[in-house]
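One structure is given below, encoded as structure tokens.
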Amino acid sequence: MSDRTPLIAGNWKLNLDPVEAAAVASALVPAVADRGDTEVALFPTALSVPAVVQAVQGSGITVGIQEIHDQPGGAFTGTNSAAMARAVGCAWALIGHSERRQLFGETDEGVGRKVTAALAAGLLPMVCLGETLDQRDAGQVEHVVTRQLAAALGTLRPDEVATLTLAYEPVWAIGTGRTASPDQAQEVHAVLRAWLRNHYPAYVADQVRVLYGGSVKPGNAAELLSCPDIDGALVGGASLKADSFAAIVHAA
Ligand code: PEP
């Protein structure tokens, strides 16, 4: 872990209705009260955001939306805007999660537009990147993640890029129980940071946090988080219960 402030984020996906989400969030507040510098963020389903915002009020835990549209409003049935997410208390927008890319047709260019929309509304983008198993086996990891990164950043100014959080999530490790080894994860995190260093002033690569995601659990978190370029974790399954998520927070 570097001197960047560690961040542990929970992606609740399509789980936990507002009552259940408020219960997990309320249990988490005392369980991570002694987390020191480590930041904690929760991404409930959009309908559960208000209940979670209320449950974590005053705790320093922040809340994000799992998906936004790139437009501020209009005839876009069934989605949410960044400004509306901000209005109900979100600090973050998760953008480009592999499930959005694989199941809902999200493109690299769409990710870029949503990053711009999030920043315009005052949300902090958390941009997910990662290769499939086929791409890894074909030796394309660096090519894929830097292509995704370049498209996500587009023409943003360096000071905007510096506010972003990246989440490296190898698709083959998400929800599979199969985690990247610390060496495999660190290698890709270092690639992402080197790319930032080559394209922006040095402070950008120093500031951008790169989280690891993919079957992070209490038992493997400490080892992953000890890598120099891993600044935290984006946690799916193990974030759904306050005790396992709190154990990961404490590993940071
Ligand atoms: C995720 O969906 O972002 C994720 C990392 O899931 P899991 O921890 O369940 O692999």
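With the gyration tensor restricted to C-alpha atoms of the chain, the semi-axes of the equivalent ellipsoid amount to 25, 22, 17 Å, longest first.
Here the Gaussian network model covers the chain, with springs between Cα atoms less than 10 Å apart; of A27, A85, A221, A27 fluctuates the most.
Largest mean-square fluctuation among I95, I230, I61, in a Gaussian network model of the chain whose springs join Cα atoms under 10 Å apart, belongs to I61. Working note: Karplus 6.51/-1.76/1.60 with θ = phi - 60° gives the stretch 56-61 the couplings 9, 3, x, 8, x, 6 Hz, where Gly and Pro are set to x.
Can you pull the percent of the stretch 111-252's accessible area that's carbon plus sulfur, 1.4 Å probe, other chains left in place?
Details: 2860 of 5450 Å².
That fraction is 53 percent.
Within the chain, DSSP assigns beta bridges of which about 0% are antiparallel (rounded to the nearest 5). Over the stretch 63-177, all Cα pairs binned in 5 Å intervals from 0 give whole-percent P(r) values of 2, 12, 22, 24, 18, 12, 6, 2, 0, listed from short to long. Charged neighbours of H189, selected by a Cβ distance under 9 Å, balance to -2 (K, R count +1; D, E count -1).
Calculated mean residue ellipticity, 222 nm, the chain: -12500 deg cm²/dmol, from DSSP H runs (n ≥ 4) at -39500 (n - 2.57) each, averaged per residue and rounded to 500. Charged side chains reduced to their Cβ positions (Lys and Arg at +1, Asp and Glu at -1) give the stretch 7-251 a dipole of some 320 debye around its Cα centre.
So for the chain, averaging the separation of alpha carbon pairs under 8 Å that are six or more residues apart and normalising by length, what relative contact order in percent results? Provide the component values of the computation, followed by the final result.
Numbers: 521 pairs, mean separation 56.7, N = 252.
Computed value for the chain: 23 percent relative contact order.
Considering all C-alpha pairs of the stretch 8-132, those separated by over 21 Å amount to 38%. Springs between Cα atoms under 10 Å define the GNM used for the chain, and in it the highest mean-square fluctuation of A75, A185, A150 occurs at A75.
The values are calculated or read from the model by the stated rules, or taken from the named source; none is laboratory data. Keep in mind that what you see is a predicted model, and the values were worked out from it rather than measured. Because the Cβ atoms are built from the backbone with ideal geometry, glycine has one as well, and the counts that use them run over all protein chains shown. Heads up: the accessible areas ignore ligands, DNA and RNA and are worked out on the full protein's heavy atoms, side chains in. Shrake-Rupley method; radii C 1.70, N 1.55, O 1.52, S 1.80 Å.
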